[in-house]
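Read the structure below first, then the notes.
The values are calculated or read from the model by the stated rules, or taken from the named source; none is laboratory data. These numbers come from a predicted model, not from an experiment. Glycine also receives a Cβ, built like all others from the backbone with ideal geometry; neighbour counts cover every protein chain displayed. To get the accessible areas, we keep the full protein, side chains included, count just its heavy atoms, and leave off ligands, DNA and RNA. Shrake-Rupley method; radii C 1.70, N 1.55, O 1.52, S 1.80 Å.
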Amino acid sequence: RKQAEQAMAESSRHLQTIIAGAPIVLYSIDRNGIFTLSEGNGITNNGGMSSNVVGQSVFDVLRDQPENLENIRRALTGEVFQTTVNIYGQFFEAYHSPMLNEAGECIGTIGVLVDITQRKQAEETVAKRAAELATVAEISIAASTVLDTRILLQSVVDLTRSRFNLYHTHIYLL
């Protein structure tokens with residue numbers, strides 16, 4: 001028995017080390033919306049959210065996050081699902097599972113948040129670069145098909161301004 005307790009304690013320490021070092025949050029919420037567990041350091045842009053939310057209502061903690069509250073309500077009905085969420089400017093893959101009692105009734109939810117902020121930022125950068133390259137290609141096509149220099153320059157200015165969302169665009173000829 002003593003050996004089993006030691007193994008359990010060591011396993012618990014290993015889990016705590018993993019949670020503390022990974023960009024994740026593990027949480028559980030009871031059927032009344034009260035946090036019963038919140039572990040991990042995944043939420044760094046907490047928007048004033050307390051780092052220790054255990055004992056607090058999720059509906060108070062996330063009161064200005066209606067989409068996330070809707071996900072919590074779904075989870076508290078017993079639905080199992082995964083979604084991408086934005087919590088105070090950080091993006092997470094959120095995994096929700098019900099906590100069931102012996103009778104199979106949902107008594108809360110458990111979840112894991114995995115920080116994917118860097119991935120989302122990289123995706124946005126790639127999309128922006130792709131749009132910029134498409135604009136360059138469009139300008140090149142316009143430049144190769146227009147023979148009148150005045151019309152060509154005006155076309156390049158207009159396309160550059162509209163596609164890159166610039167207020168002013170000028171071409172200076174030297």
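Fully extending the segment from Val146 to Ser97, taken as 0.36 nm per residue of separation minus the present Cα-Cα distance, adds 11.6 nm.
Please state the relative contact order of the stretch 1-136 as a whole percent: Cα pairs under 8 Å, 6+ residues apart?
Values: 213 pairs, mean separation 29.0, N = 136.
Relative contact order for the stretch 1-136 comes out at 21 percent.
Rolling a 1.4 Å probe over the protein heavy atoms leaves Leu113 with an accessible area of roughly 10 Å².
Tally up the carbon and sulfur contribution to the accessible surface of the chain as a whole percent, 1.4 Å probe, everything protein left in place. Don't skip to the answer; put the middle values down first.
Numbers: 6420 of 11590 Å².
Ligands and nucleic acids excluded, carbon and sulfur give 55 percent.
Restricting the calculation to Cα atoms, the stretch 99-174 yields a radius of gyration followed by a Dmax of 25.0, 82 Å.
Report note on the peptides 132-138, 161-167, 150-156: ranked by the mean count of other C-beta atoms within 10 Å, highest first, their order is 150-156, 132-138, 161-167.
The calculated FRET efficiency for the pair Ala122 and Asp64, based on their C-beta separation and a Förster distance of 22 Å, comes to about 0.20. Can you work out the accessible area per residue across the stretch 1-130, with the rest of the protein chains kept in place, probe 1.4 Å, in square angstrom? Accessible area per residue, the stretch 1-130: 62 Å².
Only the Cβ atoms of Lys and Arg (+1) and of Asp and Glu (-1) were treated as charged; on that basis the dipole of the chain about its Cα centre amounts to roughly 320 debye. P(r) tail for the chain: Cα pairs beyond 27 Å make up 51% of the total.
Between the DSSP loop rule and a limit of at most 16 other Cβ atoms within 10 Å, which trypsin sites (Lys or Arg not before Pro) in the stretch 59-106 are left? Walk me through the numbers on the way to the answer.
Numbers: sites: Arg63, Arg73, Arg74; in loops: Arg63.
Here the sparse-neighbourhood loop sites are Arg63.
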